[in-house]
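Student: Provided herewith is a single structure, encoded as structure tokens, for subsequent inquiry.
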Amino acid sequence: MTLTANPVAARASVRAERFGMTHSSLTSSKGEKPAVQLPKRSYEVAALRTDGSLFIGQSTAPTTPLFESAFSAFTHGSLIRTTMGPVAVEDLQPGDMIHTSTGEPAELAWIGTSTFSPADTGKRTPLIRIMPDSLGPSRPERSLTVGPGARILHTPPALRGIADGKQLLTPASRFVDGVNVIQVTPPTPTRLFHICLTRHAAISVDGIEMETFHPGTQAPRDVSYSIRDRFLSLFPQISHVSDFGPLAHPRAPETDTH
């Protein structure tokens, strides 16, 4: 993906900046360094600032779940439903208008992308491949591969007892059945993406409603202040975790509840 200015957002002055974050040491709130240093990964961001100007940046940061989840939902070629029609995720630009499950489009405010290479962490990145019609007619419309950070607005049978009739944002990995939804672990580097709108939402990706990025309420609290500040600096439109707003739909628990 080449992060470039969108003609729709031409009102913004294009300024390429770097985050200036190059150290991967995780420091606790008491200033104590852990015994084990996490691997690093390079993350790229294109976003609209609060004043409407365009931010483009790249940063190296530790591969904690908080960082990884923000860049690992969609694979290259995934088609996002926009007001201009289906657009591949790598061709989206800040300022594009994205259709949401509520029927009201929302502005694309942030795009994050990274290359997930086995050489970075010493292990392969698990992807989920969903066969056509696995979750219903044209859901998805074609074979769709998503990353470990993807959540789908669909309640699996095992969770219907706790869903109270609502659709849950469920990790894609929860749908793996070995037949219609399978896990694949490519040995080569994989480019993954995630996006934020001006509000949290479910969007259509190849016919499946999937969530835009939101860190949740607990994950930012589970890290030190320094790591939280570093994470938030990847989002120039965000000054506090609360700026992500409320979740558009309830999330399924990460693990089985029975």
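Student: Can you name every residue in the range 229-258 that is of a type in the set (D, E, K, R) and either over 28 Å from Ser53 (Cβ atoms) or touching a residue at least 24 places away in the same chain (Cβ under 8 Å) (or both)?
Tutor: Matches in the range 229-258: Arg230, Arg251, Glu254, Asp256.
Student: When you look at Phe231, is it crowded, with 17+ Cβ neighbours inside 10 Å, farther than 30 Å from Met84 by Cα, of a type outside the set (Val, Ile, Thr) and within 15 Å of the chain's Cα centre (by Cα), yes or no? Lay out the reasoning, then the answer.
Tutor: On the way: crowded, with 17+ Cβ neighbours inside 10 Å: yes; farther than 30 Å from Met84 by Cα: yes; of a type outside the set (Val, Ile, Thr): yes; within 15 Å of the chain's Cα centre (by Cα): yes.
Yes: the conditions hold for Phe231.
Student: Further question on the same structure: Any idea which of (1) in contact with an Asp or Glu (Cβ under 6 Å, 6 or more places away or on another chain); (2) over 16 Å from Asn180 (Cα atoms) is the one Thr125 doesn't satisfy?
Tutor: (1)
Student: Here's another thing I want to ask about it. Report the residue count in the range 103-122 for those that are surrounded by fewer than 17 Cβ atoms within 10 Å (Cβ to Cβ) and farther than 21 Å from Phe71 by Cα.
Tutor: Selection size over the range 103-122: 2.
Student: Inspect the range 123-133 for any residue being loosely packed, with under 14 Cβ neighbours inside 10 Å and more than 20 Å from Pro171 (Cα to Cα) and give the result as yes or no.
Tutor: yes
Student: Now for a separate question. I need the full set of residues from the range 112-124 which are in a loop (DSSP other than H, G, I, E, B), in contact with a Pro (Cβ under 7 Å, 6 or more places away or on another chain) and not charged (D, E, K, R), in order please.
Tutor: If we filter the range 112-124 for residues that are in a loop (DSSP other than H, G, I, E, B), which is where we start, we get 117, 122-124.
Checking the rest, the ones that are also in contact with a Pro (Cβ under 7 Å, 6 or more places away or on another chain) come to 117, 124.
Within the range 112-124, just Ser117 meets the criteria.
Student: Next question, about the same structure. Which of the residues spanning the range 81-102 are modelled with pLDDT of 95 or more and either open to solvent by 50 Å² or more (accessible area, probe 1.4 Å) or over 24 Å from Ile238 (Cα atoms) (or both)?
Tutor: Passing the criteria: Arg81, Thr83, Met84, Gly85, Pro86, Val87, Ala88, Asp91, Met97.
Student: Taking the conditions exactly as written (in a strand (DSSP E or B) and among the aliphatic types (A, V, I, L, M)), does Ile227 satisfy them or not?
Tutor: Working: in a strand (DSSP E or B): no; among the aliphatic types (A, V, I, L, M): yes.
No; evaluated as a whole, the condition is false for this residue.
The values are calculated or read from the model by the stated rules, or taken from the named source; none is laboratory data. Please read these numbers as outputs of a predicted model, since none were measured by experiment. Glycine also receives a Cβ, built like all others from the backbone with ideal geometry; neighbour counts cover every protein chain displayed. These accessible areas exclude ligands, DNA and RNA; they are computed on the full protein's heavy atoms, side chains included. Shrake-Rupley method; radii C 1.70, N 1.55, O 1.52, S 1.80 Å.
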